[in-house]
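This report refers to the structure that appears directly beneath it.
The values are calculated or read from the model by the stated rules, or taken from the named source; none is laboratory data. Bear in mind the structure is a predicted one, so any value in this text is a computation, not a measurement. Heads up, the Cβs are rebuilt from the backbone with ideal geometry, glycines too, and the neighbour counts pull from every protein chain shown.
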Amino acid sequence: MSGMPAQQGHSAACCNIPPVVSKGYSPKGSYEELGGYKSYVTGPDSAAKGIIVIFDIFGYFPQTLQGADILSSSHDHEKFKVFIPDWFNGEPCPIEIFPPDTQEKKDQLGAFFGKFPPPGIASKVPAYAKAVADKNPHIKSWAILGYCWGGKVTTLVTSSDENPFKAAAIAHPAMVDHSEAENIKVPFCMLASKDEPADEVKKFEDTLKVPKHVEIFGDQIHGWMAARSDLEDKRVMDEYIRGYETVLNFFAKHV
């Protein structure tokens, strides 16, 4: 377990991250049909708290599934059940088009965002959350975590009047817009990379009126907690683990 300093009054060392696998990860969860969407589900049935994860545009990548398993199994005192719906119906954005350094790749990426705009997905999240909650009545409170594109979806959901979540976190969020922070009414955690504009991250932090934890992981790339994480690099793995510890501690305190 990597050490994490005490943050915002909660205990250090309250997470027990299992060994992180750099390649060839075997997910611990299973897939179910929930709310009309194929969903990756992981965590104990006894959990009284749930997390809905909004993945990045690359979908069910091993690094993202491993992260969900960490969230569901690593906190010493709070147990979470985790759900990841497939908004892309089995057709995520191909990671091979990154970086989008040709016109063809740019066109592919533009078409993908046109098909799955964050506001359109955000409008579907509350109904999905209700369907999952109805099927899991033992879960009494809910959080949401979004990566990259999913971070934008998460911000839009939690700044809307339809927000069903008690707390939220975003990692290396795409399209950071501090004006959206004005209407967020639940505790909010933002973990940014070196690739997000630091001035906009600071404006977002300053605009939030809720309990918050905002941190820039200054030597990590956009995507280090999800599909673009190179877990064979020890520094990346360490910060991947620290990112999940930070999210878990924040949710344990606020959900």
(Q) Restricting to region 205-243, give me the number of residues that are among the hydroxyl-bearing types (Ser, Thr, Tyr), closer than 20 Å to GLY59 by Cα and either modelled with pLDDT of 95 or more or not in a loop (DSSP other than H, G, I, E, B) (or both). (A) 1
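Hey, does region 186-208 have a residue that's of a type in the set (S, T, N, Q) and surrounded by 21 or more Cβ atoms within 10 Å (Cβ to Cβ)?
yes
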Q. (1) part of a loop (DSSP other than H, G, I, E, B); (2) at pLDDT 95 or above: which one isn't true of LYS202, the others all being true?
A. (1)
Q: Answer with yes or no whether LYS152 is within 14 Å of the chain's Cα centre (by Cα), without any contact (Cβ under 8 Å) to a residue 60 or more places away in the chain and closer than 26 Å to TYR240 by Cα.
A: yes
Q: Evaluate the following for LYS81: is it under 22 Å from PRO19 (Cα atoms) and not aromatic (Phe, Trp, Tyr)?
A: yes
Q. Is there a residue being in a helix (DSSP H, G or I), without any contact (Cβ under 8 Å) to a residue 60 or more places away in the chain and not β-branched (Val, Ile, Thr) anywhere in region 83-98?
A. yes
**Q.** Residue, surrounded by the fewest Cβ atoms within 10 Å (Cβ to Cβ), within region 150-167, restricted to residues that are assigned to a loop (DSSP other than H, G, I, E, B) and among the charged types (D, E, K, R)
**A.** ASP161
Q. Mind checking whether some residue in region 134-147 is among the aromatic types (Phe, Trp, Tyr), within 18 Å of ASP86 (Cα to Cα) and in a helix (DSSP H, G or I)?
A. no
Q) Which of the residues spanning region 73-86 are buried (at least 23 other Cβ atoms within 10 Å of the Cβ) and closer than 14 Å to VAL247 by Cβ? A) PHE80, VAL82
Q. Assuming MET175 fulfils every condition listed in (1) modelled with pLDDT under 95; (2) of a type outside the set (Asp, Glu); (3) surrounded by 16 or more Cβ atoms within 10 Å (Cβ to Cβ) apart from one, which condition is it?
A. (3)
